[in-house]
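Written out below as structure tokens is the structure these notes cover.
We did not get these values from a lab; they are worked out from the coordinates using the rules stated. Predicted model, so just to flag it, every value in this text is computed and none were measured. Please note: Cβ atoms are built from the backbone with ideal geometry, for glycine as well, and neighbour counts cover all protein chains shown.
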There are 2 protein chains.
Amino acid sequence: MATGRTHRPATRSRGIPEATVARLPLYLRALTALSERSVPTVSSEELAAAAGVNSAKLRKDFSYLGSYGTRGVGYDVEYLVYQISRELGLTQDWPVVIVGIGNLGAALANYGGFASRGFRVAALIDADPSMAGKPVAGIPVQHTDDLEKIIDDNGVSIGVIATPAGAAQQVCERLVAAGVTSILNFAPTVLSVPDGVDVRKVDLSIELQILAFHEQRKAGEEAEAQAGAVLEAEAAAAAAKETGKGPDGDVPAVMPA
Amino acid sequence: MATGRTHRPATRSRGIPEATVARLPLYLRALTALSERSVPTVSSEELAAAAGVNSAKLRKDFSYLGSYGTRGVGYDVEYLVYQISRELGLTQDWPVVIVGIGNLGAALANYGGFASRGFRVAALIDADPSMAGKPVAGIPVQHTDDLEKIIDDNGVSIGVIATPAGAAQQVCERLVAAGVTSILNFAPTVLSVPDGVDVRKVDLSIELQILAFHEQRKAGEEAEAQAGAVLEAEAAAAAAKETGKGPDGDVPAVMPA
DNA sequence: CCATCTTTGTGCACGCGTTCACAAAGACAT
DNA sequence: ATGTCTTTGTGAACGCGTGCACAAAGATGG
């Protein structure tokens, strides 16, 4: 359209939408795969397909980073890998501590994707004294008592909480007090943190429940596609109010085929 | 898909926004905690605080389910627990299979939150023949060869993929072909599935990268000079193509950590 | 029964994210 | 050079989700 630059987005690096940031790792992964196959350039259409998004969205996402593409050709894979890496802060090393070395913590410690890109497991921490010294994924587990020192010595700013729910908030507070400002929480609890601390949560139970909701909806649609008795839900709710006592473990007339 | 002809689910659920559905498990957890403390009623304000959301949002969320509150009093805890459980489909039993019993798969199998609410680990499946028969979390691992039969015999409609990335798509296709219509994917891959199949993904690596982005941003703001890890040579190229990095005040004054 | 007080349920406005659609930009062939 | 063809970058419209602010509903006390 207008040849003239109307208004360049004055604030570029700061203005990256959160939704875009969340997709950058996806693009990066797809680009890395292309890079390993020595593909020199890629179009927005191809890359979008690989990342599982819409091409217009991808182009808009990239437009927040700058004009890194070449019209008529596409994007230079290597260059884009570098730009996104830099934007995400992956060109530097991030020491990470994992607190709570149970099944999940051990799984995380062993997770290859950890070390692969900028992240390094600096320490494993557990409250169980009998775990102390025991190596997990080649890293000796240390006791919670030393948490503050570990954080400080290693300059850790990202912490992963894989403890039971009951311990999570307390661990969180100690991490924050020790200087951690980003937390990845696997415990099924709402963490409260001061301003300036980022928390992201990964909750298996919630994901499953969301799936169950859609699963139920699908089953319902399929079963009575044309019934459409909206008011019936009312009656069902009323009737359910009577029968509803132990919403926990009871199984209502399920008969697996 | 084997689970079919149960009873009719609420037809009203069609209008529940996705964002609301994603929060229902959060409310449910908070409500369950209140229920265990025998708290009879709770106000939107209190419950919202417990769930870590805004009270107006909570009320609006509940309004999609119906008018289950009492003005001047609040919500009946037990009743709400039941309503949300029903809405999410947790009053029925959901058999789940976990494919890929490595560190992560084992952690998931052992995860208590699984069985606690509606979900039941029906089977563990792995491609490694030496795993076959070996019990994990009290459940014997079965071989991938029997995947279709396991799905069918147990009426499984929800599958969890915890395999390496390379195997995920293939496993996914077999699950779908066998009748699974909801998939929780822990493998770092974009799964492509036919319409009607829901996929949710949990990706540790992505979460960490998002945290790193914000962490870098915080560090940059705070010290104004923490853009340390920018690679020299390529940074020059980048600066040449782009007119500097932070137009909004974050200057790339390099100061290596 | 009436007044007051608490808390829900929701209309409304706003901002963010998504998507469409297309002009501008460049590559490439002639 | 010039024209054609491909693909980017983005203005604009739209829809969803969020939060405010308040009237309606009901409890509670006198």
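Laid out as a table, the results:
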read-out: Residue A:139 paired with residue B:132, simple spin-label distance in nm, labels 7 Å along Cα-to-beta-carbon; value: 3.6
read-out: Average partner coverage of A:102-112, which counts Cβ from other chains inside 10 Å; value: 5
read-out: Region B:7-91: chymotrypsin sites (Phe, Trp or Tyr not before Pro) in DSSP coil with no more than 16 other Cβ atoms inside 10 Å; value: B:68
read-out: 10 Å beta-carbon shell around residue A:211, net charge (K/R +1, D/E -1); value: -2
read-out: Region B:120-183 versus region A:20-65: alpha-carbon centroid distance in Å; value: 31
read-out: Relative contact order (percent, whole number), region B:12-68, Cα cutoff 8 Å, 6+ residue spacing; value: 38
read-out: Peptide-level mean, for A:181-189, of C-beta atoms on other protein chains within 10 Å; value: 4
read-out: Relative contact order, percent, region B:83-232 [alpha-carbon distance under 8 Å, six or more residues apart]; value: 18
read-out: Charge tally in the Cβ shell below 10 Å around residue A:188, where Lys, Arg are +1 and Asp, Glu are -1, residue A:188 excluded; value: +1
read-out: Over region B:1-157, relative contact order from alpha-carbon pairs under 8 Å, at least 6 apart, %; value: 22
read-out: Other-copy label distances relative to residue A:19, 7 angstrom Cα-Cβ extension, nm; value: 1.0
read-out: Nearest-first distances (nm) between copies at residue B:36, label 7 Å from Cα via Cβ; value: 4.2
read-out: Mean shadow area of region A:94-204 over all directions, Cα convex hull, nm²; value: 6.3
read-out: Test item: Cα-centred dipole of region A:18-87, Lys/Arg +1 and Asp/Glu -1 on Cβ, debye; value: 140
read-out: Loop trypsin sites (Lys or Arg not before Pro), region A:17-77, which have at most 12 other Cβ atoms in a 10 Å radius of their Cβ (DSSP); value: A:37, A:71
read-out: Computed label-point distance, nm, for sites residue B:67 and residue A:70 using a 7 Å Cα→Cβ extension; value: 6.5
